[in-house]
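What follows is a set of notes on a single structure, which appears directly below.
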Amino acid sequence: MPATRPPPFTIHRFGAGDIRLFRRLLALFGRVFEEPATYGDAQPDDAYLQRLLGGDGFVALGAVADGEVIGGLAAYVLPKFEQARSEIYVYDLAVDAAHRRRGVATALFTALQPIAAEAGAYVIIVQADLPDAPAIALYDKLGRRETVLHFDIAVTPR
């Protein structure tokens, strides 16, 4: 019996009216990153998500197959101060395990490029953890590697 292939997918940009579908993306992030509490336990209310998804500073894309979100990315538009331009910072990218190695992540980045251009961005930035070889291979294919150090600085409550 031949192996079944996952259904084809489309790339969808989430807007203010896509709250229910966007919550499915949050659930996907929780599963893929093995952090369901981070992405599920304290989700913002609908009004917050409508503002976020309807604004100019955030981009969320989903790969959708048969009504299910099988992959997605969340990115921020960062206006620059030294020139009248922006950068796009991809904060999260995930693809469901059953749909990997089928071009989903590449399609998400391909869909992000014209959105970035429209936002006046000159570059899309994404980081990968050193042990994440598949992500590094993808990003090497799509762009130019820069080696940097990343630091998390705690915010002390007042």
> Which residues, taken from segment 24-38, are touching a helix residue (DSSP H, G or I) at 6+ places or on another chain (Cβ under 8 Å) and under 13 Å from ALA60 (Cβ atoms)?
Replying inline: LEU26, PHE29
> In segment 8-36, what count of residues is obtained for those that are in contact with a Gly (Cβ under 9 Å, 6 or more places away or on another chain), closer than 23 Å to ILE115 by Cα and aliphatic (A, V, I, L, M)?
Replying inline: 6
> Among ILE125, ILE88, which is the only one that is part of a strand (DSSP E or B), modelled with pLDDT under 95 and surrounded by 12 or more Cβ atoms within 10 Å (Cβ to Cβ)?
Replying inline: ILE125
>> Based on this model, can you work out whether ALA97 counts as touching a residue at least 24 places away in the same chain (Cβ under 8 Å) and in contact with a strand residue (DSSP E or B) (Cβ under 8 Å, 6 or more places away or on another chain)?
In response: no
> Can you pull out the residues in segment 44-71 that are farther than 19 Å from ILE124 by Cα, in contact with a Pro (Cβ under 9 Å, 6 or more places away or on another chain) and not charged (D, E, K, R)?
Replying inline: LEU52, ALA65, ILE70
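Would you point out which residue out of VAL69, VAL104 is touching a residue at least 60 places away in the same chain (Cβ under 8 Å) and within 16 Å of the chain's Cα centre (by Cα)? Spell out the reasoning first.
Numbers: VAL69 fails: touching a residue at least 60 places away in the same chain (Cβ under 8 Å).
Step by step, each of VAL69, VAL104 is checked, and only VAL104 is touching a residue at least 60 places away in the same chain (Cβ under 8 Å) and within 16 Å of the chain's Cα centre (by Cα).
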> Would it be correct to say that ARG85 is in contact with a Phe, Trp or Tyr (Cβ under 6 Å, 6 or more places away or on another chain) and over 27 Å from ASP129 (Cα atoms)?
Replying inline: yes
> Are any residues in segment 24-47 within 14 Å of the chain's Cα centre (by Cα) and among the β-branched types (Val, Ile, Thr), and if so, which ones?
Replying inline: VAL32
> Is it fair to say TYR91 is of a type in the set (Ser, Thr, Tyr) and more than 16 Å from the chain's Cα centre (by Cα)?
Replying inline: no
> What are the residue pairs meeting all of these: first residue in segment 117-141, first residue within 13 Å of ARG85 (Cβ to Cβ), second residue part of a helix (DSSP H, G or I) and not polar (S, T, N, Q), Cβ atoms under 6 Å, and 6 or more apart or on different chains?
Replying inline: ILE124/ALA116
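The values are calculated or read from the model by the stated rules, or taken from the named source; none is laboratory data. As the structure is a computational prediction, the values presented were derived from the model and not from experiment. Neighbour counts run over all protein chains shown; Cβ positions are idealised from the backbone, glycine included.
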